[in-house]
Amino acid sequence: MRTTLRDTPPLRDTPVPRTRGLDSTLALVRDGYDFISDRCRRYGSEVFETRLLFERTLCLVGAEAAKVFYDPDRFERAGAAPARLPKTLFGQGGVQGLDDAAHRSRKRMFMSIMTPESIRDLVDIFEQEWQAALDRWKRVQSIVLYEEVSWVLCRAVCRWAGVPLAAYDVRRRTADLQALIAAPAAVGPAYWRGRRARRDCERWLAEIVRQVRRGELTAPVGGVLHTFAEHREPDGHTFAEHREPDRQLLPDRVAAVELLNILRPVVAVDRFITFAALALHLHPRCREQLSDGSDPEVARRFTQEVRRFYPFFPAVVARVRTDFDWNGVRFPQGRRVLLGLYGTDHDPRLWSDPDQFRPERFVDRPEDPWTLIPQGGGDHHVNHRCPGEWITIELIQSAVTLLASGMSYDVPDQDLRVSLRQMPTLPNSRLVLANVSQR
Ligand code: HEM
């Protein structure tokens, strides 16, 4: 019988368990989202050591591990991610790779646009774009929901951020933003497609930043584009034409990287919305509870369970800042460490029947920064936890309400399996809906 994390206490005062073999990168590709938690179960430990891309790496899972991982005195991010991440997903010079004061200053820029009013504006725009798309969906026999939602989100986030986007450009830009997300775990053409998409997107957005700075493009004060174009950092990089004694604008390219850190992940909510539609289909009782759209609490619980249950990012990466011991294991300075997000969201010590989709588990469950961590853990302002978490929740919740109470549709026979090997993953059919109509 398979042991679970719950019935195997963590090892103490013992050497760290190690995977066998020279390198586990192929095993990671083979086991996908389960790579970390499967081995933790096997070794009866919250931590084990392996080699990934030939580098010694400690892997962790669970709430206690998350608390340690998010301690900025113990871990840093600069240079922690394998090179293919900044070359595709993150970009170079962005908030993900900063530490200490530089991180806090840049993070403030992101947090300043995450006000309830600003998030409400984005959701309103999203709902308008969804409505416009629905008018078209009604006139065709079937749609692929994932594709349609990604275009809706791309239009919505560009309008919200103040980034001009011509109608004829929506599909191309959406495909580029999606390519950035698919690239880090890809080999061959999909990886190179991501590299090209990064170059093209940064050029596109750097030119928009330059236009704002030259006064050729109006960006409303307080909006995303204006905030990012005008953000100044005490020890930021030099931008020759806009020097102030000790506060400098971000270089155009870094401002573009950060704008992409808004556009790309908002479009990525298409995956969670597709999973939400899948869950509505697979759990008719939930759908029924949501069908009159009157109880936001039911929609909130459903949304939280979608974010917990369905896989998105498997793990986050950091490097040990100074030597320390945890759980009887030495963490030497410079060692790369992975915290399993999916594993923690499915940790049986934290979630009963973690592989069951059960929104009721969130009834009266207090919020906790270390257990539900699909978008990272800890404090949004201090740690690297995702600043877009509230946006993500609000967008999924809005889509769930639109799907369950605003429209009717059929889900024809299709391949709805979700592979845990493909990272990031989706239902194989990307969710085909037929005979869509408005309710
Ligand atoms: C699709 C849903 C999303 C998922 C699954 C997701 C997941 C994550 C994860 C795992 C992290 C890293 C946490 C860490 O390093 O400890 C992160 C960071 C980040 N996310 Fe998200 N995110 C999503 C949506 C968003 C949205 C909507 C935005 C912006 C509007 C956003 C902007 C960012 C930024 C800027 C960071 C870097 C924060 C930092 O380094 O301090 N994300 N996200």
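How would you classify the stretch 82-137 from its alpha-carbon gyration tensor, with a ≥ b ≥ c the square roots of the eigenvalues: rounded for a/c under 1.5, else prolate if a/b is greater than b/c, otherwise oblate? Mind showing how you got there, number by number?
Values: a/c = 6.62, a/b = 1.71, b/c = 3.86.
Cα axes put the stretch 82-137 in the oblate bin.
Once the Cβ-Cβ distance between Met407 and Arg285 is put in as r, and R0 is 25 Å, what FRET efficiency do you end up with, to the nearest 0.05? Calculated transfer efficiency: 0.85.
The slack in the chain from Glu216 to Val144, taken as 0.36 nm per residue of separation less the alpha-carbon distance, amounts to 22.1 nm. Working ranking of peptides 410-423, 161-174 by packing, defined as the average number of other Cβ atoms within 10 Å per residue, highest first, is 161-174, 410-423. Considering only alpha-carbon pairs that sit under 8 angstrom and 6 or more positions apart, the relative contact order computed for the chain is 24 percent. Using the 1.4 Å probe convention, the accessible area of the stretch 25-438 works out to 41 Å² per residue with neighbouring protein chains retained. Peptide packing: for 50-61, 148-159, 204-215, the average count of neighbouring Cβ atoms within 10 Å per residue gives the ranking 148-159, 50-61, 204-215, highest mean first.
Taking the Cα centre of the stretch 346-439 as origin and assigning +1 to Lys and Arg Cβ atoms and -1 to Asp and Glu Cβ atoms, the resulting dipole is close to 220 debye.
Counting only protein heavy atoms and a probe of 1.4 Å, the accessible surface of the stretch 25-438 is 50% carbon and sulfur.
Along the axis of the charge dipole computed for the stretch 25-438 (Cβ charges of +1 for Lys and Arg, -1 for Asp and Glu, origin at the Cα centre), the listed residues Asn383, Ala276, Thr322 are led at the positive end by Thr322.
Quick check: from the Cα gyration tensor, does the stretch 72-188 come out rounded (a/c under 1.5), prolate or oblate?
The shape class here is oblate.
Think of each Lys and Arg Cβ as +1 and each Asp and Glu Cβ as -1; about the Cα centre, that makes the dipole of the stretch 275-385 roughly 540 debye.
Diagonalising the gyration tensor over the Cα atoms of the chain and scaling each eigenvalue by 5 before taking the square root yields semi-axes of 33, 30, 19 Å, largest first. For the stretch 213-355, the calculated P(r) over all alpha carbon pairs, in 5 Å bins from 0 to the bin holding the longest distance, is 2, 7, 10, 11, 11, 11, 12, 13, 11, 7, 4, 1, 0 percent. Annotation: peptides 116-127, 191-202, 342-353, ranked by per-residue average of other Cβ atoms within 10 Å with the highest first, follow the order 342-353, 191-202, 116-127.
Most simply put, the stretch 25-438 has about 80% antiparallel DSSP beta bridges, counting only bridges with both residues inside it.
The values are calculated or read from the model by the stated rules, or taken from the named source; none is laboratory data. As the structure is a computational prediction, the values presented were derived from the model and not from experiment. Cβ: placed from backbone, ideal geometry, glycine included. Neighbour counts: every protein chain shown. Side chains included, ligands, DNA and RNA excluded: accessible areas come from the protein's heavy atoms. Shrake-Rupley method; radii C 1.70, N 1.55, O 1.52, S 1.80 Å.
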